[in-house]
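Here the structure is laid out as structure tokens; the discussion comes afterwards.
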Amino acid sequence: MSGTDKAPTRLTPPADAVAPVRHPDAPAPGELLGAHYGHCFGCGPAQAHGLQLRARAEDGVRVTAEFTVKEAHQGAPGLAHGGVLATALDETLGSLNWLLRVIAVTGRLETDFLRPVPVGTVLHLDAEITAVHGRKIYSTAVGRIGGPGGPVAVRADAVFVEVKVDHFIDNGRPAEIQAAMADPDQVRRARAFEVNP
Ligand SMILES: CCCCC/C=C\C/C=C\C/C=C\C/C=C\CCCC(=O)SCCNC(=O)CCNC(=O)[C@H](O)C(C)(C)COP(=O)(O)OP(=O)(O)OC[C@H]1O[C@@H](n2cnc3c(N)ncnc32)[C@H](O)[C@@H]1OP(=O)(O)O
């Protein structure tokens, strides 16, 4: 049975889940993670209307990120679309997995929208991995407005599932896969391939 056929598991880690272990080669605290793929809607610099979110490694298994809400991100007039805010949370949570040097995709993402987020707002995101169980990585994130210490506007809990690079090769379109494999950016190539040759 594939992951898409079975009932989704809960967001609470099982009792025998273990604490996440930061990889010794993880980016140093304060280091920008950079985009994992130039055309990523969440973090890619080549996506003019994307979020172009910038994530930074912190101590432990934690990242922070900033995302500025642009006009292209509206749902209601002058306010960020909820799906765009969920994308910001998803992207930030996804970037955490690089601190484990693991490639993982979102299995489950549960989001709370607590305050409206106007266009022009900088959303300050803070995410951490809470537990690991087999291929499952449990994580949580908040997004604050009005500064890194401001009120929480959005929050999310997630389960990411570790995959091999074949996940992308088997399911992605050949043209984009070939372009990603030829990417001259060493960090992006490492994130895509070196952890899962
Ligand atoms: C060659 C070029 C490559 C280029 C690549 C470039 C970069 C790569 C680097 C990083 C990219 C990754 C992230 C980037 C950062 C952020 C971006 C945001 C992240 C996303 O936006 S990513 C897109 C949305 N995402 C998907 O597109 C997933 C679609 N989906 C599937 O592909 C499958 O569904 C999968 C793989 C999830 C599972 O399938 P599967 O067959 O491998 O696994 P299986 O069923 O065996 O489950 C194993 C254990 O996970 C548990 N489990 C399964 N599904 C679950 C669920 N939904 N919720 C909770 N737990 C779940 C089971 O309960 C079991 O748990 P247990 O072991 O305890 O029984």
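Would you compute the Debye intensity of the chain from its alpha-carbon atoms alone, equal scatterers and no solvent, and pass along log10 I(q)/I(0) at q = 0.16 Å⁻¹ to two decimals?
-1.07
Taking H as built 1.01 Å from N, whose amide H comes closer than 5 Å to the amide H of Gln52, not counting residues under 5 places away?
Hits under the 5 Å cutoff: Cys43, Gly44.
Zone of Val105 (label point 7 Å along Cα→Cβ, backbone N under 19 Å): which residues in region 31-50?
Inside the label zone: 36-44.
Please give the charge dipole size of the chain, origin at the Cα centre, charges +1 on K and R Cβ atoms and -1 on D and E Cβ atoms. Round to the nearest 20 debye.
Taking the Cα centre of the chain as origin, the dipole is about 160 debye.
Under the definition of Cα pairs under 8 Å and six or more residues apart, what whole-number percent is the relative contact order of the chain?
21
Taking the Cβ of Ala80 as the centre, find all other residues whose Cβ is under 11 Å away and add up their charges (Lys, Arg: +1; Asp, Glu: -1). Walk me through the numbers on the way to the answer.
Numbers: positive: Lys70, Arg115; negative: Glu71.
That works out to +1.
Restricting to DSSP loop positions (anything but H, G, I, E, B) with no more than 15 other Cβ atoms inside 10 Å of their own Cβ, which trypsin sites (Lys or Arg not before Pro) remain in region 83-170?
Loop-located and lightly packed - Arg135, Lys164.
Would you compute, from DSSP H runs of 4+ residues alone, the mean residue ellipticity of the chain at 222 nm, taking -39500 (n - 2.57) per run and dividing by the full residue count, rounded to the nearest 500?
-4500 deg cm²/dmol
Near the amide H of Gly34, under 5 Å away, which other amide H atoms are found, from residues 5 or more places off or on another chain, if H is placed in the peptide plane?
Ala55
Under 14 Å from the Cβ of His133, count the other residues' Cβ atoms, weight Lys and Arg +1, Asp and Glu -1, and hand me the total.
+2
Taking neighbour counts of Cβ atoms within 10 Å as a proxy for exposure, in what order, fewest first, do Phe67, Phe160 appear?
Sorted ascending by nearby Cβ count, the order is Phe160, Phe67.
Taking θ = phi - 60°, what integer Hz values does the Karplus form 6.51 cos²θ - 1.76 cosθ + 1.60 yield along region 13-23, in sequence order, with x for Gly and Pro?
x, x, 4, 9, 5, 10, 5, x, 10, 5, 5
Over all Cα pairs of region 1-99, how is the pair count split among 10 Å bins, expressed in % and running from 0 up to the last occupied bin?
It works out to 14, 35, 32, 18, 1, in whole percents.
Starting with the fewest neighbours, write out Glu31, Glu71 ranked by other beta-carbon atoms found within 10 Å of each beta-carbon.
So the ranking, lowest neighbour count to highest, is Glu71, Glu31.
Every number in this text was worked out from the coordinates using simple rules, so none of it is lab data. The shown structure was predicted, so the numbers you read here are calculated from the model rather than taken from an experiment. Heads up, the Cβs are rebuilt from the backbone with ideal geometry, glycines too, and the neighbour counts pull from every protein chain shown.
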